[in-house]
1. Taking region B:184-219 as the search range and keeping residues that are out of contact with any Phe, Trp or Tyr (no Cβ under 9 Å at 6 or more places or on another chain) and among the aromatic types (Phe, Trp, Tyr), which one is nearest to B:Asp128 (Cα to Cα)?
2. Among the numbered criteria (1) hydrophobic (A, V, I, L, M, F, W, C); (2) under 22 Å from B:Leu155 (Cβ atoms); (3) away from chain A (no Cβ under 14 Å), which one does B:Val272 miss?
3. Quick check: anything in region A:135-153 hydroxyl-bearing (Ser, Thr, Tyr) and touching a residue at least 12 places away in the same chain (Cβ under 8 Å)?
4. Kindly state which strands (runs of 3 or more DSSP E) lie completely within region A:127-216 and contain at least 1 residues that are over 30 Å from B:Val254 (Cβ atoms) and within 18 Å of the chain's Cα centre (by Cα).
5. Hey, can you tell me all the residues within region A:1-58 that are in contact (Cβ under 8 Å) with a residue 40 or more places away in the chain and farther than 17 Å from A:Glu76 by Cα?
6. Please list, ordered by residue number, the strands (runs of 3 or more DSSP E) wholly in region A:29-114 having 1 or more residues that are surrounded by 15 or more Cβ atoms within 10 Å (Cβ to Cβ) and among the β-branched types (Val, Ile, Thr).
7. Criterion first (of a type in the set (Asp, Glu) and surrounded by 16 or more Cβ atoms within 10 Å (Cβ to Cβ)) does A:Glu202 satisfy it?
8. For region B:302-312, indicate whether the set of residues that are outside the structural domain of B:Tyr153 (by TED's automatic domain parsing) and either over 24 Å from the mean Cα position of the chain (by Cα) or more than 30 Å from B:Val163 (Cα to Cα) (or both) is non-empty.
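The values are calculated or read from the model by the stated rules, or taken from the named source; none is laboratory data. Computed from a predicted model, the values in this text were never measured in an experiment. Glycine gets a Cβ as well: all are built from the backbone with ideal geometry, and neighbour counts include every protein chain shown.
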Amino acid sequence: MRIRVAECTVRYEGRLNAFLPMATRLVMVKADGCVAVHADGGAYKPLNWMNAPNTLTEDDDMWTVLNPKGEKLIIEFGEIHFETDLEMGEDPGLQKDGVELELQRLLAERPETFGVGMALIRREYPTPIGPVDLLCRDGDGTTVAIEIKRRGEIDGVEQLSRYLEFLNRDTRLAPVRGIFAAQEIKPQAKLLAADRGITTVEVDYDDLRGSDSEVMKLF
Amino acid sequence: MGTRTPLPILQGLLCEVAGGKLTVTGTDNEITVRTYLDVEVTEEGKTVIPAKLAADAVRKLPSGAVTISSSDTEVEITGNGPRFNLRAMAVDDYPQIAEPDTSQAVEVEGGMLTQALAQVGVAASTDDARPTLTGVMFEAEDDLLRLVATDAYRLAVKELPGVAGGTSKLVPYRALRELARTVGTGKMKVALGDREASFVTDDGRLTVRVIDSEFPKYRQLLPESHSNRLVVDKDSLLEAVGRAALVAEDHIPVRLAMQSGGVELSVIRQEVGEATELLEGDYSGEDMTIAFNTRYLTDGVSAVADDKVVIETSSPLEPSLLHGAENEDFRYLLMPVRL
């Protein structure tokens, strides 16, 4: 990641022509070749940007960024206030909500929560469209894909349905049935799950954690 | 208004001036509050002002009359000298808010309802992972309205006799706790619809989406009778639990050793020390020691309206029932902590 904070003008030539007059801006050149020019405001949208792949040519105080479509970003620098270059390495991706991740860990340790004889095959079992939280085998030897959410809503059922479609194409695993687990599952999500032959299970985070074992509940 | 919303317009308040009244509307898309204020109107119109900034600005003005005027792009707030010019938000972007259907509404005394809600609300959960437990159940019976809330550790029930004719719905307590300071405590119409619950007074109205899920079957939890009964002074008990809580913090339970003549409260925390206190009271039943979470016990005792509080118990592992010595229209069922 190369970062430069400097006075600059930016000219874009491509589908249309655009010009940013001289001002202080942050210019980022990412490891994959993406270039972004930011002002001092707004959370995510740069003033101007070029997605990778790009070719960056440096010529004294002028950078020319060219992409295969012939679009061009020309940045002319004045005073440079700050510049750094660092190796950031691979990003681990978006972390799940703490409770959701913890639920997944606890349920992976206690697959019997989902039925007698249930055994874990692996956590985060990969499918072509992303990993399913738990892949298990039930007492009858049937493969079970389990998706875990903090709050069980329709989009979670949709997500599990897509995983099941891919998993069932794998002859080594098929037939694969689904379990949708959450602390609380909305009635609409239960209905959709039932319609698709997916079992729904509401799990108690406190019980699984066991930390509240001396604290008893009314129900 | 919405504080964490993807729609920036919801961070604004819709202000409408017409017929000698200022109507202010705020919504986070779940809860909508509309309030009315008599004002001196120079010119009718409407605008959307940035809520937090405008409220802070008005609060910081010297006391006296405040003048708010707006053009298409700016809102000017003045009062006794200072002047704020705030950028107005687009009126057309503000969501259309329908008037609630109050044709089936039940009329109640607002003060009585908000007080009852405060009593049961302590038992409502704040964990939005289980929305069902964050609500207060409005249960309509032939001749009374019953309010119920539970977070699975305790359950509070309040009966309002003479309030009849409504339906049964689960309403988020997050909205109900705002009733008193938004729409006031005067005569209130309560309309419980399939999608929304509305609370309407002369000062304004609050509308909230009802929780669409099944409330726990709680009736079987309320025991017919208990074998042991302790009657103590409410304030003395609260003070004693408060002292015990100094040692207990939140996670150590307070033990109640119930015996003839009263109850001994104690907290033992290995690494810190202990607190013990004898409280006089009337006790009938077998000598028994039971332990409670200090906060849950305090919440329940505080919610009792009488001067004397009754704690009914059966065993150290079964739920206890708290209520007033005179009135049992409020009951608080509390699960003990295993010793």
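1. So, considering only residues that are out of contact with any Phe, Trp or Tyr (no Cβ under 9 Å at 6 or more places or on another chain) and among the aromatic types (Phe, Trp, Tyr), the one nearest to B:Asp128 (Cα to Cα) is B:Phe215.
2. B:Val272 satisfies all of (1) hydrophobic (A, V, I, L, M, F, W, C); (2) under 22 Å from B:Leu155 (Cβ atoms); (3) away from chain A (no Cβ under 14 Å) except (2).
3. Of region A:135-153, the ones hydroxyl-bearing (Ser, Thr, Tyr) are A:142-143.
Filter once more, so that each one left must be touching a residue at least 12 places away in the same chain (Cβ under 8 Å): A:142-143.
Yes, region A:135-153 has at least one match.
4. Filter on region A:127-216 gives A:132-137, A:143-152.
5. Residues satisfying the conditions are A:Met1, A:Gly14, A:Arg15, A:Ala31.
6. So the answer is A:35-38, A:62-66, A:72-85.
7. no
8. Yes, region B:302-312 contains a residue that is outside the structural domain of B:Tyr153 (by TED's automatic domain parsing) and either over 24 Å from the mean Cα position of the chain (by Cα) or more than 30 Å from B:Val163 (Cα to Cα) (or both).
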